[in-house]
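> I'd like to ask you about the structure that follows.
The values are calculated or read from the model by the stated rules, or taken from the named source; none is laboratory data. What you see is a predicted model; the values in this text were computed from it and never measured. As a convention, Cβ positions derive from the backbone with ideal geometry for all residues, glycine included, and neighbour counts pool all protein chains shown.
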Amino acid sequence: MLERLVQQLPFPVRKSLRGYDLAVRVTLVAIGILLIGSGLVWIAQGLNLSFAPRSFMTADRSWILIGAIAVVAGAVLLARARQRG
């Protein structure tokens, strides 16, 4: 099952990448994607965009900065995952 998951990754994986390295890489990718997605939603809420979910964060400008930090952190994690290969 793990080999099938590895084949579906959007970046090349060396044959020597096994066990711990693979688990760390997959985890970095998953957390990076979640951070980028959450950050984009937070930015949209901070900007009070019409499609953004309504919550206490709506139209609060501080969420623009928090969202931008989350997007950058997610991008860094994705870059680190790519370098591990």
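> Name the pairs whose Cβ atoms lie under 8 Å apart, with the first residue in region 50-71 and part of a helix (DSSP H, G or I), the second among the aromatic types (Phe, Trp, Tyr), and 6 or more positions between them or separate chains?
Pairs that qualify, where the first residue is part of a helix (DSSP H, G or I) and the partner is among the aromatic types (Phe, Trp, Tyr), are Trp63/Trp42; Ile64/Trp42; Ile66/Trp42; Gly67/Trp42; Ala70/Trp42.
> Filter region 52-63 for residues that are surrounded by fewer than 17 Cβ atoms within 10 Å (Cβ to Cβ) and more than 14 Å from Gly37 (Cβ to Cβ) and give the result. Spell out the reasoning first.
Of region 52-63, the ones surrounded by fewer than 17 Cβ atoms within 10 Å (Cβ to Cβ) are 53-56, 58-62.
Listed by number, the residues that qualify are Arg54, Ser55, Phe56, Thr58, Ala59, Asp60, Arg61, Ser62.
> Conditions first: (1) β-branched (Val, Ile, Thr); (2) loosely packed, with under 15 Cβ neighbours inside 10 Å; (3) not in a helix (DSSP H, G or I). Val76 passes all but one, so which condition is the exception?
For Val76, the exception is condition (3).
> Only residues that are polar (S, T, N, Q) and either modelled with pLDDT of 85 or more or within 28 Å of Ile69 (Cβ to Cβ) (or both): list them for region 8-36, please.
Initial filter on region 8-36 (polar (S, T, N, Q)): 8, 16, 27.
Thr27 - this is the single residue of region 8-36 that is polar (S, T, N, Q) and either modelled with pLDDT of 85 or more or within 28 Å of Ile69 (Cβ to Cβ) (or both).
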